[in-house]
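Read the figures in this text as sums done on the coordinates, not as results from a lab. Quick caveat: nothing in here was measured; it's all calculated off a predicted structure. Here the Cβ positions follow ideal geometry from the backbone for every residue, glycine too, while neighbour counts run over all protein chains shown.
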């Protein structure tokens, strides 16, 4: 290569190094008239209504699965544990202690036994099932599912009316989706809800979940406590009725001597084992009936209550969107079919 060509090549390299980088091209804004924006808003409302119906189907299916798992865990783990001879012996010891420390308070043994059984039920049934699924998880998943459907439909709306997506995103930043303030951190726009991943990172959404919980969206503990009351009352009454013969046997054993006393104690224990075995079907039937009835009622509340159920998050956001947009949109547009293609 000749010297002039080398110099020319070096000059070209140096020129390239000092040439400023090209700035990214910003899409040119497209004029969107008021009538078009009204149609866009109408379709957003329709998309929200369609998303609510799909979210209901999702929530119902998830709640059915949760209820099935609770029933299965109750039948396979809790009832066999409760009915076993050694558990009944342990409960008898606890009721005896409760009775001695009750200071004459009526039903104190049953109340304390119910609290113990509730903790056992949480440990053996509710907590293991919650690792897989529970109403609180379904609440969050249903809200996220609702938001995902709307996000997908916004792309359809953008193409339908030839509104660039950046402009549509700017538009939905003005649409309230969560309104719990003050302070302003408890409020969020539709854009924030749709683009927060996961939703739990959005302070306004966290505030919404707290409000739902305060409205009665518990995780089943209160309902289970009510279900345990009749089970504990029956068990306590049976155990207290057995305590008197046990005390009499101890006295007889002391008078009869060590060997005879041991035989008498074994005999009494055998009789008590037979009594417990005979009582087992009735006790198990009571557990199934009481827990089943309570969870059926709780299931209906979680599915149907718009303030504290698994649909509460999606319904709050939908109500904010519709309340804002239907007041400014053309009614003829808003009432179009909710099945947005």
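Normalized C-alpha radius of gyration of region 28-175, against 2.2 N^0.38 Å?
Rounded to two decimals, the normalised Rg is 1.85.
Cβ neighbours within 10 Å, averaged per peptide: list 178-185, 35-42 in order, most packed at the top.
35-42, 178-185
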